[in-house]
Amino acid sequence: MLFKQWNEIPEPRHLLDFPEISKNLHSLEACPVPKVELPQDLDVSQYSTVVITTKIMNPLFPKNLLQLIAVGKIETTLTVVNSGSVQSTGDHSWNFDENFPNEVDPVPRGAMSDETKYDFSFPIYSFGKTLLFSIEENFLSISPIFGNMISRCIVSRLVESSPEIIVIGTSDKIANMKVMTKDECSLKPPEFITGFIGSVLTQLVGGVNKGMKFKCLVVPSEGPNGYEKLSLSDMGSLVSLCGQWLGFDHSSYHEECYRLWRCDSAAIGAQSGLYI
């Protein structure tokens, strides 16, 4: 009986038998990548320490307490050519704005444009002899390719002066806080790091610029990139170790970090309630 059923399975059809798929074969071609520009007047050599992190870690660097100074912006641009191969027919549409009206469509309805441009910028700060790169991650609006290209641009610029590099991030694929360096990795399979921080570590460890010395601090989190939640215990360890690395020993630093994290609702359990 099983043999009979197996013989009744039709032979696989060729890809060209499906015109709705074959007409989009050009999608396998190389796609454009974002262009990333750092300020030309940014002199990295005058800083002894460079911190690379994400927006979720901004409470570790209180603006008023550290007197952060804006020294420029990372400018990114991606231009996508609209092929127009997907057309809406009848009463159905593949456009997400039909089901999610609160989302903003890059191209206004009814506008016929041959290309769509996506622009994002991220501020660069400094305090003392430390340079701070804090990149916003948002899986809803910012493609991961932006973080990948930004990490390449930043690391390639740091090769010129070889400062002390500190990387701080999160991962939902680890069980406890991890401290890593160029010569030591505390990750154990199946633990891994993704997102912008994972891209930065790839450039520092296995990229063209591998061999640069760095220290990396990664804490466990819950939630997608850009909306991570941290436990209070991990926050305490993060504040203490980051304070030691950057020389922040005063109690006001710890209090300000906790206050900012509570304001951002980044702590697990900070938002408790019943949703109906």
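The values are calculated or read from the model by the stated rules, or taken from the named source; none is laboratory data. The structure displayed is predicted, hence computed values, not measured ones. So basically every Cβ, Gly included, is an ideal-geometry build from the backbone, and we count neighbours across all protein chains shown. Heads up: the accessible areas ignore ligands, DNA and RNA and are worked out on the full protein's heavy atoms, side chains in. Shrake-Rupley method; radii C 1.70, N 1.55, O 1.52, S 1.80 Å.
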If you add up the charges near P123, with Lys and Arg at +1 and Asp and Glu at -1, over every other residue whose beta carbon is less than 13 angstrom from its beta carbon, what do you get?
-> +1
Interchain or long-range residues, amide H under 5 Å from S171's placed H | V219, S221
XL table K35/K178; K117/K215; K63/K229; Cα-Cα > 29 Å flagged, in table order, is K35/K178; K117/K215
Carbon and sulfur: what percent of region 140-238's accessible surface (1.4 Å probe)?
-> 55 percent
Leaving out ligands and nucleic acids, note down the accessible area per residue over region 106-233 with a 1.4 angstrom probe, in whole Å².
-> 52 Å²
By the scheme Lys and Arg +1, Asp and Glu -1, what is the net charge of all other residues having a beta-carbon under 12 Å from that of V167?
-> +3
In whole Hz, what ³J(HN,Hα) sequence does region 154-171 give by Karplus (6.51, -1.76, 1.60; θ = phi - 60°), x for Gly and Pro?
-> 5, 5, 5, 6, 6, 4, 5, 10, 6, x, 6, 9, 10, 10, 10, x, 10, 7
Counting only C-alpha contacts under 8 Å and six or more residues apart, can you give the relative contact order of region 154-251 as a whole percent?
-> 33 percent
Looking only at region 153-171, which residues have a backbone nitrogen under 18 Å from a spot 7 Å from the Cα of F139 in the C-beta direction?
-> 169-171
Within a Cβ distance under 15 Å of P34, other residues only, what is the Lys/Arg minus Asp/Glu net charge?
-> -2
Taking 7 Å along the Cα-to-C-beta vector as the label spot, tell me the L187-K173 distance in nanometres, rounded to one decimal.
-> 0.7 nm
Size descriptor, Kirkwood hydrodynamic radius, that averages inverse alpha-carbon separations across region 127-204, Å | 13.9 Å
